[in-house]
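*Asks:* Before I ask anything, here is the structure I am working with.
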């Protein structure tokens, strides 16, 4: 532990060290091993530190067989002298706030409801804990948040202590430790006693605040997402700016924002429904217009940039109006062709067979039944050429009849 400076003082952000060795791993990444380091490696749910060793950027830190591997963006040029190392303090302190906040929050749920924390992840934007319960309600989440923030406000000391396995019985641990040697406890006196190898501030007050974002049930546990410290202020600032923009756009004060949004959504749904009804009427009139133009109950049309849904609705309207109609509708959409084949109840041709043959020409896929089928494929031929081919197939009784 003597070489792991982050255990001696989590606030070290500048130090010097000698490079014991430098090498490339099997993936060609450069890494360095130092005689001492303040760079925290990924572990225990906490991400690694970043920063610089000399002029080389540290992009990852891992502990492998007791050694700390510092992965670099490029190799260190001078290995003979001490190197000056700098920790990205903003990232380090953020991790200290989030990790200590997790201890406090997990202990709050344990104290109030007996909910154990069985999982923890410190992400770039938020922290999650998995609680050993299948249900969590708003009142419980709020109570735990209030207790956690009270512990923060009391500015209690956060202590670290190295103990042996035999000494563990002296402490009311929140959960059993995973390691049996070199056991490190993180202690908030009279509130939380927990085995942990992460970095933490000296007092709970440095966590500043805890705020729940949301939670969801996952199988037999609840995953709760929250933020601590500077992240609370940062998210509040972002959301406040967004809220101010929305008040201007909706011309409504903040207290009436929910009602204004609900009204806007309802208006949009009503408008969409009205548009859909109008489009339905237009398609109905269009279907009648095409039927009036046909003389032999056969309708073949090539459109530009129409959706398969429009083609389907138009075809259904046509065969409903005229049960002797056979309809082939094609749309050219950039480099794709869409095709709908339909027939009225008075006819016997198999639309499924006709479509299957047509799709071979355009390397397409589709499906349907003997009375109605649809599909699409690559524009390997023009829409008019595909229509001619489909109509030729339809004229062959041995291919298209049911």
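*Asks:* Go through the residues of the stretch 89-106 one by one and say whether even a single one is over 20 Å from residue 230 (Cβ atoms) and either within 32 Å of the chain's Cα centre (by Cα) or not assigned by TED's automatic domain parsing to the domain that holds residue 226 (or both).
*Replies:* yes
*Asks:* Go through the residues of the stretch 147-167 one by one and say whether even a single one is in a loop (DSSP other than H, G, I, E, B) and under 32 Å from the mean Cα position of the chain (by Cα).
*Replies:* no
*Asks:* Just checking, how many residues over the stretch 256-301 are surrounded by 10 or more Cβ atoms within 10 Å (Cβ to Cβ) and in a loop (DSSP other than H, G, I, E, B)?
*Replies:* Residues meeting the conditions: 2.
*Asks:* Kindly check whether there is at least one residue in the stretch 113-130 that is outside any loop (DSSP other than H, G, I, E, B), without any contact (Cβ under 8 Å) to a residue 40 or more places away in the chain and surrounded by 17 or more Cβ atoms within 10 Å (Cβ to Cβ).
*Replies:* Within the stretch 113-130, none of the residues are outside any loop (DSSP other than H, G, I, E, B), without any contact (Cβ under 8 Å) to a residue 40 or more places away in the chain and surrounded by 17 or more Cβ atoms within 10 Å (Cβ to Cβ).
*Asks:* Determine, yes or no, whether residue 358 is buried (at least 20 other Cβ atoms within 10 Å of the Cβ) and farther than 17 Å from residue 306 by Cβ.
*Replies:* So residue 358 fits the description; yes.
*Asks:* Which fully enclosed strands (runs of 3 or more DSSP E) of the stretch 1-84 have 3 or more residues being surrounded by 14 or more Cβ atoms within 10 Å (Cβ to Cβ), under 31 Å from the mean Cα position of the chain (by Cα) and touching a residue at least 12 places away in the same chain (Cβ under 8 Å)?
*Replies:* 56-64, 67-72
The values are calculated or read from the model by the stated rules, or taken from the named source; none is laboratory data. A quick note: this is a predicted structure, and the numbers were derived from the prediction, not measured. Cβ atoms come from the backbone with ideal geometry, glycine included; neighbour counts cover every protein chain shown.
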